[in-house]
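S.K.: Okay, here's the structure, questions in a sec.
The values are calculated or read from the model by the stated rules, or taken from the named source; none is laboratory data. In this text, all values refer to a predicted model and were calculated from it rather than measured experimentally. Here the Cβ positions follow ideal geometry from the backbone for every residue, glycine too, while neighbour counts run over all protein chains shown. Surface accessibility is based on the protein's heavy atoms, side chains included, excluding ligands, DNA and RNA. Shrake-Rupley method; radii C 1.70, N 1.55, O 1.52, S 1.80 Å.
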Amino acid sequence: MKRLLLYTAVVIACLGLSVGAWAMSDPPPAANDHAQLEFLTRHWQVPIPPQGKPPAHFSSIEASLSPESCAVCHRTQYEDWSSSLHSKSMGPGVIGQTMELIHGDPKMALLCYSCHAPLTEQQEKVVKKGGDSPSLFKKRRAFATPSPSASGAWASTALTFKTNHTYSASLQQKGLACVGCHVRRHQRFGPPKRDGSIENSAPAAQLPHGGAIRTAAFERSEFCKGCHQFEPSGSALNGKLLENTYNEWKEGPYAREGTCQSCHMPERRHLWRGIHDPEMVKQGVSVRLSVDKERYQVGQQLRAEIILVNTGVGHNFPTYVTPKIIVRWELVDTDGKRVNESVQEERIGREVTLDLTQELFDTRIAPGKSRTVRYVRTIDRAGLTMRASVVVIPDDFYIQFFEAILPRVKAKEPRALVEQAIREGRARSFSLFTKNVGVS
């Protein structure tokens with residue numbers, strides 16, 4: 001059971017477990033898209049191949065893979081990234097599991113790293129080449145037809161691993177760092193300039209790190225797809241992929257209006273704000289409370305409802321199985337004490353069992369759609385106040401999962417990390433809406 005639960009966490013924590021493949025429903029790419037999609041196929045091999053030896057003329061800053069070195073010239077981007085969850089993708093929950101997995105089951109650890117720490121230099125072990133082992137580098141995306149998932153390919157082959165002599169523990173702790181998106185073999189890559197041009201401002205020899213290769217592929221939603229979309233053959237329940245964010249966007253109205261970057265990287269900010277950010281959620285979701293009467297007499301029935309509308313989230317709200325939204329009602333008396341049996345809670349989200357074998361319910365709200373939660377109670381005294389609230393728990397599944405495995409984690413360091421992950425997950429919850437209404 002312990003091992004099953006540990007694997008569950010790897011599946012949940014590693015959004016890139018099933019790497020590669022455009023969705024089966026995607027239309028064939030247009031001719032002018034071909035080069036960009038081929039670039040993404042090459043660009044997103046995982047693990048990202050070793051950067052190798054830097055050019056001899058590079059300074060120590062140019063040769064460094066550290067985000068702090070990038071910050072010397074790109075301070076704004078660095079500060080944005082530092083505040084983002086991308087910089088924390090190797091958080092205590094992931095580290096607490098992979099520090100044991102990398103020795104006991106390195107295959108699973110490396111699959112987890114494919115999104116959370118995708119650089120070869122961030123990984124303690126690598127697959128030995130030769131024999132019947134598959135290629136060290138797994139394509140995160142496939143251009144034309146879906147390929148077998150990494151988990152399926154690796155599970156069917158006996159792999160051997162060796163120590164990675166390029167491994168950097170400090171770099172691993174940086175999670176999805178600048179290099180993960182922007183550097184390959186010490187060559188820099190990025191989007192077109194703001195005016196749309198792709199040419200460097202001077203000859204490469206005159207520019208820091210030789211300038212950059214620019215491509216509009218960085219502005220496509222497919223750039224984000226490898227870590228935010230399982231392939232069609234990936235893990236699913238009730239015919240729905242566990243990670244389906246890209247397809248939710250693609251099949252909704254916002255695919256005609258913008259890209260992932262439009263909302264999560266406005267003005268090219270490297271913030272990637274989402275369900276963990278209260279202001280971001282408030283911009284995408286409206287909450288309306290209504291009561292059928294202003295005041296109730298003792299013996300009358302209070303009838304109230306909260307309507308949540310997905311007014312601006314480009315995919316289901318919430319997407320994925322991890323977050324939950326709690327709509328909570330209660331009555332309090334004149335002393336502020338809760339009235340017995342007046343509490344009602346309804347969870348909005350996709351609830352699955354901790355072992356990922358069963359979907360319990362799916363009450364998520366699609367783009368442009370709404371969900372109504374009703375509250376009916378008999379008024380038994382005067383002076384009552386109805387308290388209605390909507391609470392967002394971004395890490396709900398993680399909290400439940402880590403609480404479940406904690407008793408089985410005996411080693412001191414992993415246990416401390418799992419405990420830290422629980423504390424941090426709880427601390428990220430926030431109130432989206434709260435209102436007190438006098439009802440009697």
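S.K.: Sorted by average packing, counted as other Cβ atoms within 10 angstrom per residue and highest first, what order do 239-249, 58-68 take? Before the final figure, lay out each step's value.
M.R.: Values: 239-249: 20.7, 58-68: 15.3.
Listed from highest to lowest mean packing, they are 239-249, 58-68.
S.K.: So, one more: What residues from segment 250-278 fall in the zone where the backbone N is under 20 Å from a label point 7 Å along the Cα-to-C-beta line of SER370?
M.R.: Answer for this model: 253-254.
S.K.: Sticking with this structure for a sec: Per residue of the chain, what 222 nm ellipticity follows from adding -39500 (n - 2.57) for every DSSP H run with n ≥ 4, rounded to the nearest 500?
M.R.: Result for the chain, helices only: -8000 deg cm²/dmol.
S.K.: Would you mind working out the magnitude of the charge dipole of segment 209-318 relative to its Cα centre, with +1 at each Lys and Arg C-beta and -1 at each Asp and Glu C-beta, to the nearest 20 Debye?
M.R.: 160
S.K.: I want to make sure I understand the PRE zone here: with the label point 7 angstrom from the Cα of GLU341 toward its beta carbon, which residues in segment 285-302 have backbone N atoms less than 18 Å away?
M.R.: Output list for this probe position: 298-302.
S.K.: I would also like to ask the following. Using packing as a proxy for protection, rank 404-413, 306-315 so that the peptide with the highest average count of other Cβ atoms within 10 Å comes first.
M.R.: 306-315, 404-413
S.K.: Highest mean first, what order results for 370-377, 229-236, 169-176 on Cβ atoms within 10 Å? Intermediate values should be presented prior to the final figure.
M.R.: Working: 370-377: 16.2, 229-236: 20.8, 169-176: 18.0.
Per-residue mean Cβ counts within 10 Å order the peptides as 229-236, 169-176, 370-377.
S.K.: So, one more: Please determine, in degrees from 0 to 90 and to the nearest 10, the orientation of helix 2-13 with respect to the longest principal axis defined by the Cα atoms of the chain, where the helix direction is its Cα long axis.
M.R.: So the inclination is approximately 80 degrees.
S.K.: Follow-up question, since we're still on this one. Roughly to the nearest percent, how much of the accessible area of the chain is carbon and sulfur, given a 1.4 Å probe? Walk me through the numbers before you get to the answer.
M.R.: On the way: 10900 of 20880 Å².
Carbon and sulfur together cover 52 percent of it.
S.K.: Same structure again: Spelling out what I want: for every residue of segment 53-65, take phi, set θ = phi - 60°, compute 6.51 cos²θ - 1.76 cosθ + 1.60 (Karplus), and round to whole Hz; glycine and proline get x.
M.R.: Computed from phi, the couplings for segment 53-65 are 6, x, x, 4, 7, 5, 6, 4, 5, 5, 7, 6, 9 Hz.
S.K.: To continue, here is another question. Could you state the angle between the C-alpha long axis of helix 92-104 and the longest principal axis of the C-alpha atoms of the chain, as a value from 0 to 90 degrees rounded to the nearest 10?
M.R.: Once rounded, one gets 50 degrees.
S.K.: Separate question: About its Cα centre, what dipole magnitude does the chain give when the only charges are +1 on Lys and Arg Cβ and -1 on Asp and Glu Cβ, stated in debye to the nearest 20?
M.R.: Using only the charged Cβ atoms, the result is roughly 360 debye.
S.K.: Probe of 1.4 angstrom, ligands and nucleic acids ignored: what's the accessible area per residue over the chain, in square angstrom?
M.R.: Value returned for the chain: 47 Å² of accessible area per residue.
S.K.: Roughly how tilted is helix 106-116, in degrees to the nearest 10 and between 0 and 90, from the longest Cα axis of the chain?
M.R.: With both axes taken from Cα atoms, the answer is about 80 degrees.
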